[in-house]
Amino acid sequence: MTRFPWHEFCSTRQAMAAIFENIGIAMLMLALIFVSGLFMGWKFRRVHTPSRLHPNPMSSRNLLVYEIEPQWMNRRLMEASIHDFHAAGFLLAGYYSIPKLGGLLLAGFTFPDGSIFGSAYDNSLQNPSFDICIQYQDGTLLDISNSNELAFTNADQRPGKEFVFLKGASVAQALAEAHSRMAHKPIQRITPDRFRANFERNYSDDIEWKMKWGGVALDEGELVANSFAKCSRHRG
């Protein structure tokens, strides 16, 4: 009687199992490479072809719309902030709305010598806030904000733009902080007639940097809505 070659059968079975295991590992690696390729391709298109994400990116052209009699949403607080800017020695540079940013309203101010400028902001989703800024001739910017809602941090900003948050500070306190942090380098003088152009140029530089280092995949209204939503979560 012929004996069944069990040892040969077991060896063949082990060899087949090893082959299938190697095939499985190879397929898994190919799948990972495929998924990684798709992800890297998406990132490349997002960074290098923003126009495909946005046919009309967040242009600064005609960003600020001049308002003769702005309809403040938080009138009492805005009037108090405007009074504080005047009391601190600022000149009014005009009232503006920003339709691209959900109808945000602002009052612009500059110091008589143009060394410091600022804005008081009004919107329907949070209390008014303001910032006081110093612009330098090398393109760097110092921004002192009294916002209670940290929708943005220095990590979100282009290089050379520094944010300092003084939660709940008065205009006088923010102005004192700006003076204390003023760098010893040439200042870009911002007079009332140059406020609008300077504001729009800074906005354009911010968006250009964001488009270059990650793209803007949301339109203006969505971006601001998400920022305000984050503010609301901080308050809650």
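The values are calculated or read from the model by the stated rules, or taken from the named source; none is laboratory data. Computed from a predicted model, the values in this text were never measured in an experiment. Heads up, the Cβs are rebuilt from the backbone with ideal geometry, glycines too, and the neighbour counts pull from every protein chain shown.
Every residue, every condition in (1) within 23 Å of GLY89 (Cβ to Cβ); (2) aromatic (Phe, Trp, Tyr); (3) modelled with pLDDT under 95, yes or no:
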| site | (1), (2), (3) |
| --- | --- |
| GLY102 | no, no, yes |
| PHE109 | yes, yes, no |
| ASP122 | yes, no, yes |
| PRO128 | yes, no, yes |
| THR153 | no, no, yes |
| LYS167 | no, no, yes |
| VAL171 | yes, no, no |
| ARG201 | no, no, yes |
Given the conditions (1) under 25 Å from TYR96 (Cα atoms); (2) modelled with pLDDT of 85 or more; (3) surrounded by fewer than 15 Cβ atoms within 10 Å (Cβ to Cβ), report the number of the one that ILE132 does not fulfil. (3)
